[in-house]
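First the structure, in the form of structure tokens, and then the observations on it.
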Amino acid sequence: MIIAANLKTNLTRKQTSKYVDEVERFLNANNISQEVLVFPAMSSLNPHAGKLTIGAQNAYPVLNGAYTGEIGLEHLEEFGIKTILIGHSERRHILGETQESITKKFDFYKNLGFRIVYCIGEPLEIRKAGEDELLKYLDTQYAGIDLNYENLVIAYEPVWAIGTGLTPTLNDIEVLHTKLKKKSKAPLLYGGSVKVTNAKDVLALKNVDGILVGSAALYAEHFCSMINYAQALNK
Ligand code: PGA
């Protein structure tokens, strides 16, 4: 399974190093065979060799250039990063990323063979409009994305569930994941208010291949508990 921590705009470089060391120690001490990804804030990136993989929360689709505030391939390469998160709802809805700009990033990093965690998810009004509308909306987020890319991981994260403590029911997650699996064979993670108390149940669901965790992953100890659940299930 794939267990991923999205640290967002949290943890300084010093705190991130401590976090990564703690998780890495846990993975080694417990012979964890799951794929563990950690996405730190850009300024907290460090080269890392070990069991866990460090990824970037974002990157611009260029080697380098005049793109104020962005980082490019050259900067990721400096840290040995070959994993990237694309299409997160906070980038779509707060930072105004369009499907077109997301597709450009996807294509650029796909052509370089990056592992891409591609996020999709609907706002509450779409969820309330029923399943047909929900699937139609998610299809718009698949526009221009190569769903057969061999290094793709998809994360389904309902926008209304991110950082809110709300989640769809376990049955709703399973039903939707089963439908999404028909569109792409890529590993499919669930994200949105996953925490120590519900991670085990979510991970056990059919067609859930892992989790993408934000706030509840900020404590290494909690993240490690979730990794442990995945290891015990070993799907
Ligand atoms: P959350 O965030 O776990 O805090 O809901 C998940 C995410 O945004 O990836």
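Looking for something surrounded by fewer than 19 Cβ atoms within 10 Å (Cβ to Cβ), touching a residue at least 60 places away in the same chain (Cβ under 8 Å), small (Gly, Ala, Ser) and not in a helix (DSSP H, G or I) - is there at least one such residue anywhere in the range 27-37?
yes
Filtering the range 187-198 down to residues that are farther than 21 Å from Leu152 by Cα and either within 15 Å of the chain's Cα centre (by Cα) or assigned to a loop (DSSP other than H, G, I, E, B) (or both), which residue is farthest from the ligand (Cβ to nearest atom)?
Among those that are farther than 21 Å from Leu152 by Cα and either within 15 Å of the chain's Cα centre (by Cα) or assigned to a loop (DSSP other than H, G, I, E, B) (or both), it is Lys195.
Picking from Ser215, Ser184, which residue would you name as being surrounded by fewer than 20 Cβ atoms within 10 Å (Cβ to Cβ) and within 15 Å of the chain's Cα centre (by Cα)?
Result of the check over Ser215, Ser184: Ser215.
Please work out which residue is nearest to the ligand (Cβ to nearest atom), limiting yourself to the range 148-173 and to residues that are more than 13 Å from the chain's Cα centre (by Cα), not in a helix (DSSP H, G or I) and not hydroxyl-bearing (Ser, Thr, Tyr).
For the range 148-173, the residue satisfying everything is Gly163.
Being modelled with pLDDT of 95 or more, in contact with a helix residue (DSSP H, G or I) (Cβ under 9 Å, 6 or more places away or on another chain), closer than 30 Å to Ser17 by Cβ and β-branched (Val, Ile, Thr) narrows it down to one residue among Ile227, Ile126, Ile162; which is it?
The match here is Ile227.
The values are calculated or read from the model by the stated rules, or taken from the named source; none is laboratory data. Fair warning: this is a prediction, and the values are worked out from it, not measured in the lab. Heads up, the Cβs are rebuilt from the backbone with ideal geometry, glycines too, and the neighbour counts pull from every protein chain shown.
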